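Coordinate-derived values only; no laboratory data. Everything numeric here is computed off the predicted structure, so don't read it as measured data. Don't worry about glycine lacking a Cβ; one is built from the backbone with ideal geometry, like all the others, and counts go over all protein chains shown.
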């Protein structure tokens, strides 16, 4: 799984967002608690200016079994602050 994530991240850095999205989504279909994949999808949505989609991905990640969702909560707070909703 880690190798797939790294491949997706490489595609993301190479601006091959369609391929990166497909791989991250594939990871999530097999491992729905892989928080980093949700967060990368959220970041790509933010880069496209789609704040709603980014928030949706973060909210989906909060449904995971992870006990301490610190990264998700911080990312959501940053987005809200950037939007002026503090």
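Looking at region 21-38, which of the residues that are part of a helix (DSSP H, G or I) and under 11 Å from the mean Cα position of the chain (by Cα) is nearest to residue 56 (Cα to Cα)? If we take residues in region 21-38 being part of a helix (DSSP H, G or I) and under 11 Å from the mean Cα position of the chain (by Cα), then 38 is nearest to residue 56 (Cα to Cα). Scanning region 48-69 for residues that are in contact (Cβ under 8 Å) with a residue 24 or more places away in the chain and in a helix (DSSP H, G or I) yields a count of 4.
Among the numbered conditions (1) exposed (fewer than 11 other Cβ atoms within 10 Å of the Cβ); (2) more than 13 Å from the chain's Cα centre (by Cα), the only one that residue 11 does not meet is (1). Filtering region 1-16 to residues that are assigned to a loop (DSSP other than H, G, I, E, B) and either in contact with a strand residue (DSSP E or B) (Cβ under 7 Å, 6 or more places away or on another chain) or touching a residue at least 12 places away in the same chain (Cβ under 8 Å) (or both) leaves only 1.
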